[in-house]
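Visitor: Input: one structure, supplied below.
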Amino acid sequence: ETGVTQTPRHLVMGMTNKKSLKCEQHLGHNAMYWYKQSAKKPLELMFVYSLEERVENNSVPSRFSPECPNSSHLFLHLHTLQPEDSALYLCASSVIQGAGEQYFGPGTRLTVT
Amino acid sequence: AQSVTQPDIHITVSEGASLELRCNYSYGATPYLFWYVQSPGQGLQLLLKYFSGDTLVQGIKGFEAEFKRSQSSFNLRKPSVHWSDAAEYFCAVGADNNNDMRFGAGTRLTVKP
């Protein structure tokens, strides 16, 4: 595997379910990001991790819970989601946190029913 | 904080025609500028970037962009569009004093045969 991978690619869950999204980067990067992409809205930064420590949380509801066990893996734990949380969730990584370019995974298409 | 605007939501061009996608940014110092492309169901792929130096930057797939400080712009160009270029294009701006890369709302490119 190369680059940034995300699993699953598609996920349908009910509002009472608990699920997790997984991201893995094979680039040796030290920073990882979660973004939410909704139709007709700009990309929204959700969480930033640098060297496995969370450095930014952009007022994301607590029903989204990130986890970064090491610099190569990032998870987004989901519970009691709302239909408006349906979106494409993108993971990205960069060499270091900051202004350098980010490399994106293919995303997980989440549908909340 | 920095911000970015893509004035065109949707552009249609004929195959073989030239292309210019507009991007305007707002930032007090020299920004870091990026163009990404997103095909349906995929993540974002970096086309090119500007950090400093030559204001005309070359990217992948035959794209180029020019940084114009006086106009706060970073427009993307391609001399001859191919049908495979049909996708969503995002301009992004970063700054060296924060972790937040801001994305424009995107421009959807349709290529007519």
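The values are calculated or read from the model by the stated rules, or taken from the named source; none is laboratory data. This is a predicted model, so every value here is computed, not measured. So basically every Cβ, Gly included, is an ideal-geometry build from the backbone, and we count neighbours across all protein chains shown. In case anyone asks, the SASA skips ligands and DNA or RNA and just uses the protein heavy atoms, side chains included. Shrake-Rupley method; radii C 1.70, N 1.55, O 1.52, S 1.80 Å.
Visitor: Scanning segment A:75-100 for residues that are open to solvent by less than 10 Å² (accessible area, probe 1.4 Å) and away from chain B (no Cβ under 14 Å), which turns out nearest to B:Tyr32 (Cα to Cα)?
Guide: A:Leu76
Visitor: Can you tell me which residue within segment A:46-55, out of those that are surrounded by 12 or more Cβ atoms within 10 Å (Cβ to Cβ) and at pLDDT below 90, is farthest from the other protein chains (Cβ to nearest Cβ)?
Guide: Per the stated criteria, the residue is A:Glu52.
Visitor: Now, a different point. What pairs can you find where one residue is in segment A:53-69 and farther than 14 Å from A:Tyr33 by Cβ, the other is open to solvent by 50 Å² or more (accessible area, probe 1.4 Å) and among the charged types (D, E, K, R), and their Cβ atoms are less than 8 Å apart, with a gap of 6+ or different chains?
Guide: Correct list of pairs: A:Pro69/A:Glu52.
Visitor: So which residues in segment B:18-46 are without any contact (Cβ under 8 Å) to a residue 40 or more places away in the chain and of a type outside the set (Ser, Thr, Tyr)?
Guide: Of everything in segment B:18-46, those that are without any contact (Cβ under 8 Å) to a residue 40 or more places away in the chain and of a type outside the set (Ser, Thr, Tyr) turn out to be B:Gly28, B:Gly41, B:Gln42, B:Gly43, B:Gln45, B:Leu46.
Visitor: Which numbered condition trips up A:Val60, out of (1) within 17 Å of A:Val95 (Cα to Cα); (2) of a type in the set (Val, Ile, Thr); (3) under 14 Å from the mean Cα position of the chain (by Cα)?
Guide: Among (1) within 17 Å of A:Val95 (Cα to Cα); (2) of a type in the set (Val, Ile, Thr); (3) under 14 Å from the mean Cα position of the chain (by Cα), the lone unmet condition for A:Val60 is (1).
Let's see how each residue does on (1) surrounded by 16 or more Cβ atoms within 10 Å (Cβ to Cβ); (2) closer than 25 Å to B:Glu88 by Cβ; (3) within 14 Å of another protein chain (Cβ to nearest Cβ):
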residue	(1), (2), (3)
A:Tyr35	yes, yes, yes
A:Lys41	no, yes, yes
A:Pro66	yes, no, no
A:Ser72	yes, no, no
A:Gln102	yes, yes, yes
A:Gly107	yes, yes, yes
A:Thr113	no, no, no
